[in-house]
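For reference, the structure is listed below as structure tokens.
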Amino acid sequence: MAAEMSTYPVRFDVQHPEAMSRWLIFVKWLLVIPHFLILYALGGLQAIITVIAFFAIIFTRRFPPGLFDLLVKATRWNANVSGYVLLMRDEYPPFTWEPGQYPVTFEVDYPAQMSRWLP
């Protein structure tokens, strides 16, 4: 059986730390407030981008690459902060959405062409 295996287009992984702080769990929710404010604003931007991408996919059958990258980067930042708040990591997440800056991996493959009825 030489069936070709297709890989899932989304990859998410959190590296398990060797040791975690016992006292930090009580203040993490306070330390992450600046991240929550930025992510709240990015959430509004993501909603606008989703509407634009909806019509772009219907008319062109493509997700605009710049908008796709912005959505993936904002979701990566959210994954980094979630890994910190949900007690998966002890390191404070950086104020960036670039990959490799935090031990949480979030990657999405860009779809070359999409169905018009997918949205």
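The values are calculated or read from the model by the stated rules, or taken from the named source; none is laboratory data. Quick caveat, the model's predicted, so the values are computed rather than measured. Cβ sites come from the backbone with ideal geometry, for glycine too, and all protein chains shown count toward neighbours. Surface accessibility is based on the protein's heavy atoms, side chains included, excluding ligands, DNA and RNA. Shrake-Rupley method; radii C 1.70, N 1.55, O 1.52, S 1.80 Å.
Just the residues that are within 14 Å of the chain's Cα centre (by Cα) and open to solvent by less than 30 Å² (accessible area, probe 1.4 Å), please, taken from region 78-105.
Listed by number, the residues that qualify are 79, 80, 81, 83, 84, 93, 102, 103, 104.
Here's a check for you: in region 1-19, which residue that is of a type in the set (Asp, Glu) and assigned to a loop (DSSP other than H, G, I, E, B) is modelled with the lowest pLDDT?
4
Go through region 20-88 and tell me which helices (runs of 4 or more DSSP H), entirely inside it, have 2 or more residues that are touching a strand residue (DSSP E or B) at 6+ places or on another chain (Cβ under 7 Å) and of a type in the set (Gly, Ala, Ser).
Qualifying helices (runs of 4 or more DSSP H): 65-85.
Which is more than 14 Å from the chain's Cα centre (by Cα) and either at pLDDT below 90 or open to solvent by 50 Å² or more (accessible area, probe 1.4 Å) (or both), of 32, 27?
Criteria check complete, one pass: 27.
Do you know which of the residues in region 106-119 that are touching a Lys or Arg at 6+ places or on another chain (Cβ under 6 Å) and within 26 Å of residue 81 (Cβ to Cβ) is least open to solvent (accessible area, probe 1.4 Å)?
Here the answer is 106.
Under 8 Å between Cβ atoms, which residue pairs at least 6 apart in sequence (or on different chains) link something in region 29-49 that is within 18 Å of residue 73 (Cβ to Cβ) with a partner that is assigned to a helix (DSSP H, G or I) and open to solvent by 60 Å² or more (accessible area, probe 1.4 Å)?
Qualifying pairs under 8 Å: 39/78; 42/78.
Looking at this structure, is residue 105 of a type in the set (Ser, Thr, Tyr), touching a residue at least 40 places away in the same chain (Cβ under 8 Å) and touching a strand residue (DSSP E or B) at 6+ places or on another chain (Cβ under 7 Å)?
So residue 105 passes the test.
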